[in-house]
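Student: First, the structure itself, so that you have it in front of you.
The values are calculated or read from the model by the stated rules, or taken from the named source; none is laboratory data. All values derive from a computational prediction rather than experimental measurement. When we count neighbours, we look across all protein chains shown, and the Cβ atoms used for this are built from the backbone with ideal geometry, even at glycine. Please note that ligands, DNA and RNA were not included when accessible areas were found on the heavy atoms of the full protein model with its side chains. Shrake-Rupley method; radii C 1.70, N 1.55, O 1.52, S 1.80 Å.
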Amino acid sequence: MNILSKDAPLEVSIKKMKKVLEDIGCKTNISEGHHPLQNCYSLNLSSHEAPNHIYSNGKGTLKESAMASAYGEYIERLQTNLFFSDFYIPNQKHYPDEVAFELDGDFLNEELLDIYDASGELMGEDFVDFNSGYSDRVISLPFLKFSTKEKIYFPINLLHNLYVSNGLAAGNTRNEAQVQALSEIYERYVKFEIIKNGYALPKFPQSVIEPFTKLNEDVIALRKLGYIVEVLDASLRGVFPVTAISLINPKNSTLFVSFGAHPILEVSLERTMTELMQGRSLDRLDDFESPTFDMSVVRDSFNLESHFVDSNAKLGFGFLSSKKSFEYSPWKYDIEMDEFEFLTGIAKELGKEIYLREYDYLGFYSCQMLIPSISEVYPIEDLVYNNKNSAKAIRDMVLNPNDYDAEDIQEAVISLDDSLNMEKYIGVIFKDNFTMLEFKAQLYLLLDERDAALEFLQFSTKKDAKIISELIYMEEAGLDFEDYSEALFNVFSKQSVEKAQRVLKKEELFIDLTLHDDYYNVLAMYDRLEKKKS
């Protein structure tokens, strides 16, 4: 079955992508999926080896197109290493063509440094990657600069901190993938601009969207259910091939807006509608946020991050204003134009450079495209103030605390946020994960500072924390354990109480540093890819 914007029939694409995964021993599970509207399908594709950590989502107007979307995203993230960007991968290279620069090495160029380090605050250490054991090298990958065909090296840490999945794409052909990558970049840029500035978008004239039967069927279905749905021109005066759909739920006073992009208007609108319904059923359209006039909340970095993750976050009332920020602009692209040239022409008109890195070692083309100052998902300032690689300073201390003095570890972590999820922070998967607060409690126990430990244990959700706390209180009250052993065993179980006693005697740790099988499976998957890359 052929669909607009794709260079091969769906069944051919799916068969090829399944074969790619089979060839590298990647078993996957497909969820039942969602089909809330006549032309909206979505599903989840997860790794059999680490389903909670290695997965992708797909959407489309057909079940087969949703499946192809999920497989494409899975391969794109596998082949570009995005699946592994949050993990500690010791003693492995990222790619054969990577270069490990000195901290003051020849990565980036002056033009890019003017963008990433306009204030002159960045140091070489800020570009050190999160994944490896390096602390004095900047692992970088070559990208092609479109305008000059120069090879420019981008630090992996910069890619992971600022761009994440934005600009990644896979496709049946090079052209299909690159069109998808650029469309996604413009979609997210426009989305953030509209949200941050509280722009009110004009509606598409009904005469323009009338020919698109699938879209109209689904819009009408939602309106019949009582939702207020509008199809909006998000092109910002015709500059970008971006569309939006807003949904107001009058029953609970919430607003949700989805965006889509592609040179072909019909494709952009279909993507916008399937994005609106991705992973949702009709009874799950009531968990959105209410709009607000407080734009400081809307512009907050955490709110914008939520918009990137699942689009469910605060929007300003300005978006709903009857006074529109722009007039409706007719769609600029027509079928006679080359899609790729149309999209690259937008960057050229904006005076922006495009950088490209290509991958095909798995036998299915993928790419990463960057438009610096346009395609960043996270603030450039994060390289200084919220750099992912900061966790490297304590990673080995957490994994091997017996190799360090507890006071030295305490000094290293004392200023870190108590709520930090430890496995996410340092890049592993534990059998029983813990927070920074619980790690600090462990350090105080090792230092015999029990009163300080109690201050942290009281906020832990772990059962062992409660038992340890009660044993400390009992000792401080001068009570004899034998008088209360039966009661403690009855309330908490003998096994749990005896473990707590061993923790207080420093014979065992309160936290569990055992790594989960899923983590070893992730490393094994990475090893299989490593063989394909060489």
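Student: Out of (1) within 21 Å of the chain's Cα centre (by Cα); (2) modelled with pLDDT of 95 or more; (3) among the hydroxyl-bearing types (Ser, Thr, Tyr), what's the single condition that is false for residue 385?
Tutor: (2)
Student: Hey, another quick one. Of the residues 473, 444, which is over 27 Å from residue 395 (Cβ atoms) and either in contact with an Asp or Glu (Cβ under 7 Å, 6 or more places away or on another chain) or among the hydroxyl-bearing types (Ser, Thr, Tyr) (or both)? Full working, then the answer.
Tutor: Values: 444 fails: over 27 Å from residue 395 (Cβ atoms).
After applying the criteria, what remains is 473.
Student: Tell me, yes or no, whether the stretch 78-91 has at least one residue that is under 28 Å from residue 147 (Cα atoms), touching a residue at least 40 places away in the same chain (Cβ under 8 Å) and either of a type in the set (Ser, Thr, Tyr) or open to solvent by 20 Å² or more (accessible area, probe 1.4 Å) (or both).
Tutor: Checked against the condition, which is being under 28 Å from residue 147 (Cα atoms), touching a residue at least 40 places away in the same chain (Cβ under 8 Å) and either of a type in the set (Ser, Thr, Tyr) or open to solvent by 20 Å² or more (accessible area, probe 1.4 Å) (or both), the stretch 78-91 yields at least one hit.
Student: Looking only at the stretch 394-403, how many residues end up being at pLDDT below 95 and in contact with a helix residue (DSSP H, G or I) (Cβ under 9 Å, 6 or more places away or on another chain)? Please lay out each step first, then the result.
Tutor: We begin by selecting, within the stretch 394-403, every residue at pLDDT below 95; these are 402.
Among the residues that remain, those that are also in contact with a helix residue (DSSP H, G or I) (Cβ under 9 Å, 6 or more places away or on another chain) are: none.
So the count comes out to 0.
Student: Something else: Scan the stretch 104-114 residue by residue and report those that are of a type in the set (A, V, I, L, M, F, W, C) and open to solvent by 50 Å² or more (accessible area, probe 1.4 Å). Write out each step before concluding.
Tutor: Of the stretch 104-114, the ones of a type in the set (A, V, I, L, M, F, W, C) are 107-108, 112-113.
Answer for the stretch 104-114, where residues must be of a type in the set (A, V, I, L, M, F, W, C) and open to solvent by 50 Å² or more (accessible area, probe 1.4 Å): just 113.
Student: May I pose another question? Would you confirm whether or not the stretch 362-369 contains a residue that is under 25 Å from residue 258 (Cβ atoms) and assigned to a loop (DSSP other than H, G, I, E, B)?
Tutor: Scanning the stretch 362-369, I find no residue that is under 25 Å from residue 258 (Cβ atoms) and assigned to a loop (DSSP other than H, G, I, E, B), so the answer is no.
Student: Applying the selection to the stretch 455-493, what residues are assigned to a loop (DSSP other than H, G, I, E, B) and either of a type in the set (Ser, Thr, Tyr) or not assigned by the TED database to the domain that holds residue 438 (or both)?
Tutor: Just the residues of the stretch 455-493 that are assigned to a loop (DSSP other than H, G, I, E, B), to begin with: 458-462, 477-480, 493.
Across the stretch 455-493, the qualifying residues are 460, 461, 493.
Student: How do the helices (runs of 4 or more DSSP H) wholly within the stretch 100-212 filter down when requiring 2 or more residues that are within 30 Å of residue 264 (Cα to Cα): which remain? I'd like the intermediate steps shown before the answer.
Tutor: Numbers: elements: 110-116, 156-162, 174-197, 206-209.
Output list reads 156-162, 174-197, 206-209.
Student: Sticking with this one: Could you list all residues from the stretch 290-303 that are over 17 Å from residue 320 (Cα atoms) and not in a helix (DSSP H, G or I)?
Tutor: 300
Student: Could you list, in sequence order, all residues of the stretch 225-273 that are assigned to a helix (DSSP H, G or I) and either open to solvent by 10 Å² or more (accessible area, probe 1.4 Å) or over 18 Å from residue 312 (Cα atoms) (or both)? Lay out the reasoning, then the answer.
Tutor: Just the residues of the stretch 225-273 that are assigned to a helix (DSSP H, G or I), to begin with: 265-273.
Those that are assigned to a helix (DSSP H, G or I) and either open to solvent by 10 Å² or more (accessible area, probe 1.4 Å) or over 18 Å from residue 312 (Cα atoms) (or both): 265, 266, 267, 268, 269, 270, 271.
Student: In this structure, does residue 287 turn out to be assigned to a loop (DSSP other than H, G, I, E, B) and either within 21 Å of residue 203 (Cβ to Cβ) or open to solvent by 40 Å² or more (accessible area, probe 1.4 Å) (or both)?
Tutor: Numbers: assigned to a loop (DSSP other than H, G, I, E, B): yes; either within 21 Å of residue 203 (Cβ to Cβ) or open to solvent by 40 Å² or more (accessible area, probe 1.4 Å) (or both): yes.
So residue 287 passes the test.
Student: Then there is this: Restricting the stretch 395-415 to residues that are in contact with a Lys or Arg (Cβ under 9 Å, 6 or more places away or on another chain) and assigned to a helix (DSSP H, G or I), which is least open to solvent (accessible area, probe 1.4 Å)?
Tutor: Our first condition is that a residue be in contact with a Lys or Arg (Cβ under 9 Å, 6 or more places away or on another chain); within the stretch 395-415, this holds for 410, 413-414.
The next check asks that each one be assigned to a helix (DSSP H, G or I); those that pass are 410, 413.
Values: 410: 36, 413: 2 Å².
Going through the qualifying residues, I end up with 413.
Student: If you go through the stretch 131-177 one residue at a time, how many are open to solvent by less than 10 Å² (accessible area, probe 1.4 Å) and over 29 Å from residue 386 (Cβ atoms)?
Tutor: So the answer is 2.
Student: Select from the stretch 494-511 the residues that are in contact with a helix residue (DSSP H, G or I) (Cβ under 9 Å, 6 or more places away or on another chain) and in a loop (DSSP other than H, G, I, E, B) and write down the one among them that is farthest from residue 481 (Cα to Cα).
Tutor: 511
Student: If you don't mind, another one. Counting only residues that are over 17 Å from residue 145 (Cβ atoms) and in contact with a strand residue (DSSP E or B) (Cβ under 9 Å, 6 or more places away or on another chain), how many does the stretch 344-375 have?
Tutor: The total comes to 5.
Student: Only one of 414, 467 is out of contact with any helix residue (DSSP H, G or I) (no Cβ under 7 Å at 6 or more places or on another chain) and among the aliphatic types (A, V, I, L, M); which?
Tutor: Numbers: 467 fails: out of contact with any helix residue (DSSP H, G or I) (no Cβ under 7 Å at 6 or more places or on another chain).
Checking each option against the conditions leaves just 414.
Student: Right, next: Does residue 418 count as open to solvent by 20 Å² or more (accessible area, probe 1.4 Å), without any contact (Cβ under 8 Å) to a residue 60 or more places away in the chain and either hydrophobic (A, V, I, L, M, F, W, C) or not in a helix (DSSP H, G or I) (or both)? Before the answer, list the steps.
Tutor: Values: open to solvent by 20 Å² or more (accessible area, probe 1.4 Å): yes; without any contact (Cβ under 8 Å) to a residue 60 or more places away in the chain: yes; either hydrophobic (A, V, I, L, M, F, W, C) or not in a helix (DSSP H, G or I) (or both): yes.
It is true that residue 418 is open to solvent by 20 Å² or more (accessible area, probe 1.4 Å), without any contact (Cβ under 8 Å) to a residue 60 or more places away in the chain and either hydrophobic (A, V, I, L, M, F, W, C) or not in a helix (DSSP H, G or I) (or both).
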